[in-house]
Amino acid sequence: MHSKFQKEILQFYRSVIKWANLKPEPARSTIKQYAQNEYRKNQNIPKKKFDRIEFLFRQGKNKYEIWKDAKIDQIQIK
């Protein structure tokens, strides 16, 4: 059973992937790869570290909103 917050994170992840699918290549694969890597990198953070999880979630949402509002068609991830 997932908590409400876990469901919100998964829903956000799905929305980023859906948004990425609307982008032309190579931005599409770069965005999807970035989202997948970030998700996998942080998926094993203990549930008790709520502050850390919430921080990363907000940080991800802020990046997404900036990229989405800017109508970005290319990104470069280092």
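Laboratory data are not the source of any read-out in this text; all were calculated from the coordinates shown. Only a predicted model underlies this, so the values are computations on that prediction, with no experimental measurement involved. Every residue, glycine as well, gets a Cβ built from its backbone with ideal geometry; the counts of neighbours run over all protein chains shown.
Structure notes:
- Helix-only [θ]222 nm of the chain, DSSP H runs n ≥ 4, -39500 (n - 2.57) each, per residue, nearest 500: -23500 deg cm²/dmol
- Helix axis angle, 4-21 relative to the chain longest principal axis, alpha carbon, degrees: 10 degrees
- C-alpha long axis of helix 50-69 to longest principal axis of the chain, angle in °: 20 degrees
- Cα-centre dipole for the chain with unit charges at Cβ (Lys and Arg positive, Asp and Glu negative), debye to 20: 260 debye
- Estimated vicinal HN-Hα couplings, Hz - the stretch 32-45 in sequence order (Karplus 6.51, -1.76, 1.60; Gly, Pro = x): 4, 5, 4, 4, 5, 5, 5, 4, 5, 4, 10, 5, 9, 5
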